[in-house]
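The values are calculated or read from the model by the stated rules, or taken from the named source; none is laboratory data. Since the structure is predicted, the reported quantities are computational estimates derived from the model, not experimental observations. Neighbour counts run over all protein chains shown; Cβ positions are idealised from the backbone, glycine included. SASA here: full protein model, heavy atoms, side chains in, ligands and nucleic acids out. Shrake-Rupley method; radii C 1.70, N 1.55, O 1.52, S 1.80 Å.
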Amino acid sequence: MQSRQPRNYAPARRRLLALVAAAALIAAIAAGAYGIWYLFLQGPGPAAVGDATLPPVPSAAASSSSPLASGAIEGTWKVDTSIGSFSDFSGSFVGYRVQEQLATVGANTAVGRTPSVSGTMVIQGTNVTAATMTADLTSLQSDDSRRDGQLGRQGIQTQQFPNATFTLTSPIALGSVPQDGQQISVTARGQLELHGVKKDVEIPLKARLSGSVIQVSGSLPIVWTDYGIQKPSSFIVLTIADQGTMELQLFFTKG
């Protein structure tokens, strides 16, 4: 009987290793291409709230709004979510802005906002004497649904703590009744409840009376540990800054 010669598996092994290396290279190139696309084609995201000048009241509301009679600013004002649109952030919203480090992109500014806001404020004379605002955090939307889903279970844990609420604890002195179109700067001192924790805060605000609409915007730095919030983590998000910014833009009408 002829003895069998041992087979040489080396060429086949080398071909397999070459195929694996090629597949890894293709995957790396694809991931890099995705990261470049995400970085350059997604756009810079929504502009930050808190610029020196308030944006104009949406045209539909402005055209149907006439100046209030003298003294008619007194009374109860409610957040009016029918003004503007959430699609272009021209309406009422509350949200967050935070710096993050992504595995595929690098530094990124994450912005999430919700249009589900309700609240009232009471004006007596030239003072805002009471105000309460509630934002439904379960409807926060950013540019990535994966991030939004994680916030239900991590971070602000919206499944367990669905709302953020601000309650005014000191009157806001306006000084005088604002003229139509006049922008003023004030500070709202009150209590913010977030993630089940209540903290005393001071929120710098800009406000303007436009016809029969009061427009308010402002922002507040939020240190996560102050509210018992642990920074979320995932294979996509490498790190998140220790603090973020709460942003708000609200339109009020009397009723």
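A few points about this structure:
- Measuring nothing but protein heavy atoms, the accessible surface of the range 139-255 at 1.4 Å probe radius is 50 percent carbon and sulfur.
- Among the chymotrypsin sites (Phe, Trp or Tyr not before Pro) within the range 180-240, those in coil by DSSP and having at most 11 neighbouring Cβ atoms inside 10 Å are Phe235.
- Simple label model, 7 Å out from Cα along Cβ direction - Gln230 to Thr167, nm: 2.9
- Reach of Lys206 by Cα under 15 Å, taken over aspartates and glutamates that are not fewer than 8 positions away in the same chain: Asp51, Asp180, Glu247
- Across the range 115-185, Cα-Cα distances exceeding 21 Å account for 47% of all pairs.
- Proximal lysines to Lys231, defined as alpha-carbon separation beneath 29 angstrom and excluding residues fewer than eight positions away on the same chain: Lys198, Lys199
- Gain in span if fully extended, Phe86 to Asp180, counting 0.36 nm per residue against the direct Cα distance: 31.3 nm
- Estimated dipole of the range 151-221 in Debye, rounded to 20 [Cβ of Lys and Arg +1, of Asp and Glu -1, Cα centre]: 140
- Seen from every direction in turn and averaged, the convex hull around the alpha carbons of the range 203-255 projects onto 5.7 nm².
- Sorting 110-117, 184-191 by their mean Cβ neighbour count within 10 Å, with the most densely packed peptide first, gives 110-117, 184-191.
- Size descriptors for the range 88-224, from the alpha-carbon set: Rg then Dmax equal 16.7, 55 Å.
- Solvent-accessible area per residue, Å², over the range 171-252 with all protein chains present [probe radius 1.4 Å]: 48
- Exposure ranking of Asp136, Asp88, Asp144 by accessible area [1.4 Å probe, largest first]: Asp88, Asp136, Asp144
- Rounded FRET efficiency, nearest 0.05, which uses the C-beta distance separating Gln191 from Gln141 and R0 of 30 Å: 0.70
- Between the range 202-255 and the range 101-137, the C-alpha centres lie 5 angstrom from each other.
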